[in-house]
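In what follows, a single structure is set out as structure tokens and then discussed.
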Amino acid sequence: MMKHFIGNDWDQVLEPVFESDEYHNLHEFLRSEYQNKQIYPDMYHIFTAFKLTPFAETKIVILGQDPYHNPGQANGMSFSVSPGTPLPPSLRNIYKELYDDVGALPVNHGYLKRWADQGVLLLNAVLTVPYGHANGHQGKGWEAVTDAAIKALSERGKVVFILWGRFAQNKIPLIDQEKNVIIKSAHPSPFSANRGFFGSRPFSRANAALVSFGEAPIDWQLPMQAE
């Protein structure tokens, strides 16, 4: 009997992974971690990206590394923070490029659910992180889940993969570039944004690719108030 971790078509797509020994080991590891440490996001938001953006409705993937590791930030969507949380520096740079690229006005929150609702899968490669320890759950088993998701979307085709920075671009071998479009640049972090992220126009390029696929473009303008 299939386990319903997510509650939409992703459960069927990812069923082989969820039934694997590797995922069982990850589950036991996380059980201990959540009991003994401060882990982000809370366990009810681990699969938020998948819940908000079903497999059949995914048009774009924006791939992050792992969740924010400070209190009140991580909400299960890559680069997004919960309403009322100050904007992280990378997200400020994303908003700057967003305005320069498509004229979307900056907003004073970092809640990206409006994008997810339109088919932008805001996926981190690793879905949990210990407090204050970036990459602390890397190599513990999440990659089996997220790599399977990337491969499944690649096989389905007509997906735009936005890959910022070396870590995200390491996933390129998983993607069939004859069926999909890859948009890559430097990462939007303050350390690298000036090395090719600014001016890369990922949002307009992604929309142009969607139109070429016969899909409706994304309205990148976020609501002025988080909703």
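The values are calculated or read from the model by the stated rules, or taken from the named source; none is laboratory data. From a predicted model like this one, the values you see are computed outputs, not experimental measurements. Quick reminder, even Gly has a Cβ in these numbers, built from the backbone with ideal geometry, and neighbours come from all protein chains shown. These area figures cover heavy atoms from the full protein model, side chains too; ligands, DNA and RNA do not enter into them. Shrake-Rupley method; radii C 1.70, N 1.55, O 1.52, S 1.80 Å.
Quick one: net charge of S212's neighbours, Cβ under 13 Å, K/R +1, D/E -1?
Value of the local net charge: +3.
Non-local amide H neighbours of K158 (under 5 Å, H modeled in plane, Pro and chain starts lacking H): which ones?
So K158 has HN proximity to N180.
Compute the distance from the alpha-carbon center of region 184-227 to that of region 13-69, in whole Å.
When both Cα centres are located, 24 Å separates them.
Please give the per residue accessible area of the chain, computed with a probe of 1.4 Å over protein heavy atoms only, in Å².
Values: 10660 Å² over 227 residues.
Accessible area per residue: 47 Å².
Would you compute, from DSSP H runs of 4+ residues alone, the mean residue ellipticity of the chain at 222 nm, taking -39500 (n - 2.57) per run and dividing by the full residue count, rounded to the nearest 500?
-9500 deg cm²/dmol
Express the carbon and sulfur contribution to the solvent-accessible surface of the chain as a percent, rounded to the nearest whole number, probe 1.4 angstrom.
Numbers: 5360 of 10660 Å².
It is 50 percent, rounded to a whole number.
In the Gaussian network model of the chain, springs joining C-alpha atoms below 10 Å, which of Q73, Q38, Q118 carries the largest mean-square fluctuation?
Q38
Plugging the Kirkwood radius over Cα pairs into Stokes-Einstein for region 9-213, at a temperature of 10 °C and a viscosity of 1.306 mPa s, what D comes out in µm²/s? Let's see the in-between values first.
Working: Rh = 17.3 Å.
Answer from the Stokes-Einstein relation: 92 µm²/s.
Just name one of G196, A226, V181: the one whose Cα is farthest towards the positive end of the charge dipole of the chain (beta-carbon charges, Lys/Arg +1, Asp/Glu -1).
About the Cα centre, the residue reaching furthest to the positive side is G196.
Have a look at Y68, P88, A56 and report the one farthest towards the positive end of the charge dipole of region 1-146, computed about the Cα centre with Cβ charges (Lys/Arg +1, Asp/Glu -1).
After comparing all options, I get P88.
Restricting to Cα pairs below 8 Å that are 6+ residues apart, what does the relative contact order work out to for the chain? Please round to a whole percent.
24
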